[in-house]
Amino acid sequence: MGRLDGKIALITGIGGGMGRTAALTFAREGARVVGCDLFDEGAAETVRLVREAGGEIESFTPVNLADAPAAAAWITDALAVFGGADILYNNASSPRFGDIQDLSIEDWDYVMDNELNLVFYATKAIWPHFMEHGGVVLNVGSIAGLRGVEFMSQNAHGTAKAGVLSLTRQLAVEGGKYGIRAVAVSPGFIVTPATAWLVESGPQPFKDNIARIPLGRVGQPEDVVNAALFLASDEAAWITGANLVVDGGGSTLG
């Protein structure tokens, strides 16, 4: 039996990286998955991979979750696919980086929209369904939401992810009486197609930071998704408001 048998999971940003891994893993564990992404090509490849592995998945593209009406429409459409949902996995995000003196106001607003507001929009839209049926809101934070990051200027990204973690805690308080759990995973550095170049040719402060990770390696999408799988499953039925840091111990060094 799969750890998510009988569950319906809505997963945002399935086009690659951790989102694709989440769709594959949750489907393998028995969940029926409804995904979305801003781009069709990556999402279509994820759908193909999940179905080839014997999983159930449907996908909607393009969906701009940073637009509140579009996010609400996706939730409505996603709930209709399999007749409900048990898990909302807020994975999608799109950061921009820069020193504070250089980061534009437009880039700051973009990060707030695409890393914090989109989580609120999707969660707000599904909340009435979860109030009636219970459910799990699973958010992706970051160690940047817990501490300053020296190897790359992450003022907007860190602020947005700190907001995600604060929202998670508040959702846990507000949702408990309805049987709603709200949990988060906070990755350290994870190798994805968008970040792989840093491992090869990143600046020296980044290399120094990676060398200090107690477990001696960078993270893989599976490391984060396996933690998310536990939090989304009934094995974590008495866990809410928690943030599980998945960073090889790097943040313990300050």
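The values are calculated or read from the model by the stated rules, or taken from the named source; none is laboratory data. Keep in mind it's a predicted model, so treat the numbers as computed, not measured. Reconstructed Cβ throughout: ideal geometry from the backbone, glycine too, with neighbour counts over all protein chains shown. To get the accessible areas, we keep the full protein, side chains included, count just its heavy atoms, and leave off ligands, DNA and RNA. Shrake-Rupley method; radii C 1.70, N 1.55, O 1.52, S 1.80 Å.
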Sorted on mean Cβ neighbours within 10 Å (highest first), peptides 45-58, 136-149 come out as 136-149, 45-58
Of the candidate values (1) 16.4, 46; (2) 17.8, 58; (3) 17.4, 53, the one computed for Rg and Dmax of the Cα atoms in Å from this structure is (3)
Karplus (6.51, -1.76, 1.60) ³J(HN,Hα), θ = phi - 60°, over the stretch 220-236, in Hz, Gly and Pro reported as x: 10, x, 4, 4, 6, 5, 5, 5, 5, 4, 4, 5, 7, 7, 5, 4, 9
What residue among 236, 97, 126 has its Cα farthest toward the positive end of the dipole of the chain, where the charges are +1 on Lys, Arg and -1 on Asp, Glu, each on the Cβ? 236
How large is ³J(HN,Hα) for each residue in the stretch 53-65, as worked out from phi by the Karplus curve 6.51 cos²θ - 1.76 cosθ + 1.60 (θ = phi - 60°), to whole Hz, x for Gly and Pro? 7, x, x, 9, 7, 10, 9, 10, 8, x, 10, 9, 5
Against the longest principal axis of the chain, how steep is helix 68-82, in degrees 0 to 90 to the nearest 10, with axes from Cα atoms? 50 degrees
Residues meeting the amide H criterion for residue 59 (H placed from the backbone, H to H distance under 5 Å, 5 or more places apart or on another chain) are 35
Return the long-range amide H neighbours of residue 179 (sequence gap of 5 or more, or a different chain), with a cut-off of under 5 Å between placed amide H atoms. none
Could you list which residues have their amide H under 5 Å from that of residue 244, counting only those 5 or more apart in sequence or on another chain, with H placed in the peptide plane? 184, 185, 186
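Using the beta-carbon distance between residue 200 and residue 238 and R0 = 51 Å, what value does 1/(1 + (r/R0)^6) give for FRET efficiency, to the nearest 0.05? Write out the running numbers ahead of the final one.
On the way: r = 43 Å, r/R0 = 0.84.
Efficiency, rounded to the nearest 0.05: 0.75.
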Inter-centroid distance (Cα atoms) of the stretch 219-254 relative to the stretch 13-77, Å: 21 Å
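If you take the Cα atoms of the stretch 120-254, find Rg, then find the Kirkwood Rh from the mean of 1/r over all pairs, what is Rg/Rh?
Values: Rg = 16.2 Å, Rh = 15.8 Å.
The Rg/Rh ratio comes out at 1.02.
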What are the ³J(HN,Hα) values, in whole Hz, obtained from phi via the Karplus relation 6.51 cos²θ - 1.76 cosθ + 1.60 with θ = phi - 60°, for each residue of the stretch 24-34 in sequence order, with x given for Gly and Pro? 5, 6, 5, 5, 4, 8, x, 6, 8, 10, 10
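Taking all protein chains in place and a 1.4 Å probe, what share, in percent, of the accessible surface of the chain do carbon and sulfur account for? Numbers along the way, then the final one.
Values: 6340 of 11530 Å².
Answer for the chain: carbon and sulfur cover 55 percent of the accessible area.
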